[in-house]
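The values are calculated or read from the model by the stated rules, or taken from the named source; none is laboratory data. Everything numeric here is computed off the predicted structure, so don't read it as measured data. Note that we place each Cβ from the backbone using ideal geometry, even for glycine, and neighbour counts take in every protein chain shown.
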Amino acid sequence: MSITWKDDPLPSVTQSARSGDHATTHANPAARALADSIPRLPLAGDAPTPVEELGRLREALGMRARLLVKRDDALTFGAGGNKVRKLEVIASRATADGADTLVTTGGVQSNHARVTAAAAARLGVECILVVNGEPPARLTGNALLMQLFGAKMEYVATRQERTPRVEQVIDRLHAEGRRPYAIPLGASTPVGALGYVRAIGELLAQIPAPDVIIHSSSSGGTQAGLIAGCALFGLHTKVIGVSPDDPSDAIAGYVKPILSGLESELKVTAGTFASCDITVDDRFVGGGYGIPSDASREAIELTARNEGLLLDPVYSAKAMAALIAYARAGELDAHETVLFWHTGGVPGLFA
Ligand SMILES: *Cc1c(COP(=O)(O)O)cnc(C)c1O
């Protein structure tokens, strides 16, 4: 059974997912075989994350385009979010490598560090997190979860000290005869980004390709994976990354080398993704990383009150603020389908 909304002329997502129309429209067996063959440890199992209609939010915004959400906040593993998809691929490499310790870095409230800690717990290996900031007096949000997952924390004062400290930790572990596996900031490597190439295959088994995907983009792995996935499947979908921190040029500069690294990971011809558009919007950063803006507060409230859907204050709220601004400016065409890719981070609401 599917719910149909009053005065909503659109077919429900469940219906279109069941009909299988898209499966023929977007049949691309070679791309599908490639996307499905990406080795991963399915930390969150094999169920696709839901795609849902945001009918009431759409109405509240006076939007004529169809508005959908891909619920990666609802990935079941370790409180979910986009880092789960990246870690599924990276964890498979770490295991093949015989790693006995995962080492990574991030801020005190890093979603990436939280998911890495959960992955280490699941694999039965140790986790050392190099975290910049003050050790919190009271553990909340992601910091609380990292500790619950059993990670060992090493605090450094500044962002600049993170990478040298990770290197020291790796050297120390090697000297102790251990097998550490270092995961860069945000797991934004070509290997991590493969998780989002795969995710495009997952999406296309649920709905026809959307016209626009809007998501939060910071260290670039998610956006690189989405762009490569769309190119691989021959889609004309426009992928818009919304920055929570850095200028557009900087983030596009992170995405580009990951995209070219994906060419060798996927064993496609060098240069295949070189002409892909990398669109990053940095107009919604506000006061900076983790600092709420009027627009991001409004995005959290509108989404919660109209849909019962939670956004995180650092990433997805700013991405939704962008979507709201585009809708109000009439930049989303009536005939288009706009997909908000929810990247998770909801524990940050409780920090
Ligand atoms: C890390 C993160 C992002 C950014 O993803 P990147 O792949 O680093 O660009 C977006 N949203 C949330 C909730 C995150 O934790």
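Condition check ((1) crowded, with 22+ Cβ neighbours inside 10 Å; (2) under 15 Å from residue 173 (Cα atoms); (3) under 17 Å from the mean Cα position of the chain (by Cα)) across all residues:
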{"residue": "98", "(1), (2), (3)": "no, yes, no"}
{"residue": "101", "(1), (2), (3)": "no, yes, no"}
{"residue": "106", "(1), (2), (3)": "yes, no, yes"}
{"residue": "109", "(1), (2), (3)": "yes, no, yes"}
{"residue": "112", "(1), (2), (3)": "yes, no, yes"}
{"residue": "124", "(1), (2), (3)": "no, no, no"}
{"residue": "128", "(1), (2), (3)": "yes, yes, no"}
{"residue": "132", "(1), (2), (3)": "no, no, no"}
{"residue": "136", "(1), (2), (3)": "no, no, no"}
Output yes when any residue across the stretch 124-136 is over 24 Å from residue 88 (Cβ atoms), modelled with pLDDT under 95 and charged (D, E, K, R), and no when none is. yes
Could you give every pair whose Cβ atoms fall below 7 Å, whose first residue belongs to the stretch 96-114 and is over 18 Å from residue 85 (Cα atoms) and modelled with pLDDT of 95 or more, and whose second residue is within 14 Å of the ligand (Cβ to nearest atom) and not aliphatic (A, V, I, L, M), counting only separations of at least 6 or pairs across chains? 109/141; 109/142; 109/348
Can you name the number of the only condition in (1) assigned by TED's automatic domain parsing to the domain that holds residue 45; (2) in contact (Cβ under 8 Å) with a residue 40 or more places away in the chain; (3) away from the ligand (no atom under 12 Å from the Cβ) that residue 227 fails? (3)
Residue in the stretch 242-254 that is surrounded by the fewest Cβ atoms within 10 Å (Cβ to Cβ), counting only those that are of a type outside the set (Ser, Thr, Tyr) and away from the ligand (no atom under 12 Å from the Cβ): 249
Residue check for residue 239: in contact with a helix residue (DSSP H, G or I) (Cβ under 7 Å, 6 or more places away or on another chain), in a strand (DSSP E or B) and surrounded by fewer than 24 Cβ atoms within 10 Å (Cβ to Cβ): no
Helices (runs of 4 or more DSSP H) wholly inside the stretch 127-223 that include at least 1 residues being of a type in the set (D, E, K, R) and either in the same structural domain as residue 44 (by TED's automatic domain parsing) or more than 16 Å from the ligand (Cβ to nearest atom) (or both): 162-175, 190-204
Considering only the stretch 310-351, state which residues are away from the ligand (no atom under 15 Å from the Cβ), in contact (Cβ under 8 Å) with a residue 40 or more places away in the chain and part of a loop (DSSP other than H, G, I, E, B). 332, 333, 334, 335, 336
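Here are 69, 84, 103, 89: which of them is under 30 Å from residue 160 (Cβ atoms) and part of a strand (DSSP E or B)?
On the way: 69 fails: under 30 Å from residue 160 (Cβ atoms); 84 fails: part of a strand (DSSP E or B); 89 fails: part of a strand (DSSP E or B).
None of the other options fit; the residue is 103.
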